[in-house]
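*Asks:* My structure is below; once you've seen it, I'll send some questions.
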Amino acid sequence: MSNFFSKAEVTSSGRPVLLRNEVECHLLSAVDLEPEDHRHFSLLKSGLLILTTHRLIWLPSSSASTPISASAIPLAAISHIFSSKKSLKSVFHSPRIRFQVLVSSDGRVFDPGSESGSSSGSGSRSVVVTAVIRGKGDCDGFLVKFWDSWRARAWEAIETSDSGSASASGSGAATGTGGGLYSSDGSVRMVGVAGILRKEQEMWESTDKSLQDAFQDLNALMSKAKEMVMLAEKMRQKLLSGTSSQTSGTNDEDMGSKEEMQDWLLSVGIISPVTKESAGALYHQQLSRQLADFVRIPLERAGGMINLIDAYCLFNRARGTELISPDDMLQVCSLWEKFDVPVMLRKFDSGVMVIQNKSHSDEEVFARIKSLVTKPEALLTGISPTDAAMTLGIAPAMAKEHLLTAEIKGLLCRDISPDGFRFYINLFPEIDPCNMYFVKNYGICSTWIKAVSTTG
């Protein structure tokens with residue numbers, strides 16, 4: 001059988017990789033996709049069907065016996081959606097949604113965005129595909145949003161904006177080369193540095209107007225949230241290109257402000273956050289997978305481990321108005337045990353909860369702590385959580401938890417004073433209980449004695 005459907009990319013946690021400006025609209029579980037010609041096209045059984053503004057994405061079930069890749073049907077390839085007819089027969093079988101899909105000459109779903117789709121024209125024929133919903137879900141609500149997304153044709157808006165910007169830049173170049181004192185709208189043309197400054201000022205005035213309109217009320221903010229994320233992404237790309245092109249002639253203060261601005265723009269928001277309205281009964285499951293994808297970059301910056309409270313604040317800030325509760329955060333983190341994701345939730349003996357990579361090794365951390373605590377200065381004065389934090393490149397609170405864990409393992413000893421905790425290397429394992437006064441000429445105990453005698 002030929003591979004009828006287009007392939008879809010997924011993240012390490014099993015979430016679909018969305019296209020530019022693509023937003024999730026609705027989800028249904030346990031859905032079969034059945035083309036009408038079963039002899040030539042393969043069937044997709046019992047998967048998760050995700051409706052977006054651009055595609056129908058089918059993800060295989062995690063319990064599938066054979067590995068099946070994720071598939072997609074571009075909404076641009078759908079030529080017709082059949083209305084659901086209520087009958088006595090429909091009461092006794094699973095709900096069905098039927099739609100007509102254009103097929104290219106190579107026997108695959110017509111994809112206008114791919115090279116094969118653009119070369120094969122508008123599709124040689126059409127095939128009716130039936131979505132059989134065997135799970136519990138709002139089939140009628142899905143069908144309504146399916147109609148709305150198909151009629152909205154959001155994928156065409158992107159193509160129009162891209163072509164419009166390209167034509168605008170081309171026409172601007174042509175007008176500039178033609179010269180003339182007046183522009184097409186009758187205003188006086190300004191050239192040179194003054195023209196550049198005026199153009200920049202008009203651009204920033206337009207941006208400022210968009211921000212003012214967006215913050216008029218909550219409804220306006222919700223409607224323009226997507227526009228704000230796109231604007232922030234464009235600004236971030238401009239900063240990145242500016243940083244790469246201006247490698248010389250910039251001081252540390254300018255570079256620091258640019259990096260701070262980039263970090264702020266990166267945390268502006270998630271374009272398509274998982275919501276209860278779109279995910280329904282699959283809310284916590286899909287939210288868990290989205291969180292696993294989101295914490296990847298913060299974990300890299302934090303050295304492989306981040307406090308659960310910090311992750312909660314970062315995630316909620318990125319979700320904008322779609323905030324989640326602490327109970328939801330804890331519940332979605334506990335679901336990682338059931339999914340094949342690269343992160344996990346960990347609870348220290350002190351009760352502190354953190355998110356860490358599964359590849360994170362405590363033994364590697366203990367080795368770095370041991371090399372720090374066996375230095376001559378540390379043998380005398382010990383180390384503090386701040387010292388360990390500077391060595392490990394993590395927050396002092398996390399460093400303290402590692403030091404306490406190393407103490408439980410028998411690697412360190414702890415001294416509590418008015419100045420706080422001080423940790424020392426544990427010398428007791430090298431002391432012979434039968435001959436306590438015998439000093440070896442090697443080992444950590446010998447190094448400690450030499451350090452003490454050197455300082456007098």
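The values are calculated or read from the model by the stated rules, or taken from the named source; none is laboratory data. Keep in mind it's a predicted model, so treat the numbers as computed, not measured. Quick reminder, even Gly has a Cβ in these numbers, built from the backbone with ideal geometry, and neighbours come from all protein chains shown. Surface areas here come from the heavy atoms of the whole protein model, side chains and all, with no ligands, DNA or RNA. Shrake-Rupley method; radii C 1.70, N 1.55, O 1.52, S 1.80 Å.
*Asks:* Do any helices (runs of 4 or more DSSP H) lying entirely in the stretch 282-361 carry at least 2 residues that are open to solvent by 40 Å² or more (accessible area, probe 1.4 Å) and at pLDDT 90 or above, and which ones are they?
*Replies:* On the way: elements: 283-294, 296-301, 308-319, 326-334.
Fully inside the stretch 282-361 and qualifying: 283-294, 308-319, 326-334.
*Asks:* Sort out which residues of the stretch 18-62 are acidic (D, E) and within 15 Å of S272 (Cβ to Cβ), and write them in order of number. Before you say what the answer is, go through the steps one by one.
*Replies:* Of the residues in the stretch 18-62, the ones acidic (D, E) are 22, 24, 32, 34, 36-37.
Matches in the stretch 18-62: E22, E24.
*Asks:* If we keep just the residues of the stretch 384-399 that are within 16 Å of G420 (Cβ to Cβ) and in contact with a Lys or Arg (Cβ under 7 Å, 6 or more places away or on another chain), which is surrounded by the most Cβ atoms within 10 Å (Cβ to Cβ)?
*Replies:* P385
One line per residue, one yes/no per condition, for (1) open to solvent by 20 Å² or more (accessible area, probe 1.4 Å); (2) in contact (Cβ under 8 Å) with a residue 60 or more places away in the chain:
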| site | (1), (2) |
| --- | --- |
| V10 | yes, yes |
| V17 | yes, no |
| S29 | yes, yes |
| D37 | yes, yes |
| K45 | yes, no |
| L49 | no, yes |
| T52 | no, yes |
| W58 | no, no |
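*Asks:* Sticking with this structure for a sec: Which pairs have Cβ atoms under 7 Å, sit 6 or more apart or on different chains, and link a residue in the stretch 310-335 that is in contact (Cβ under 8 Å) with a residue 40 or more places away in the chain to one that is of a type in the set (V, I, T)?
*Replies:* Going by the 7 Å Cβ cut-off, the qualifying pairs are A311/V295; A311/I355; A318/I270; R319/I270; E322/T275; C333/I355.
*Asks:* I78 passes all but one of (1) at pLDDT 85 or above; (2) crowded, with 18+ Cβ neighbours inside 10 Å; (3) within 28 Å of V332 (Cβ to Cβ); which number fails?
*Replies:* Every listed condition holds for I78 apart from (3).
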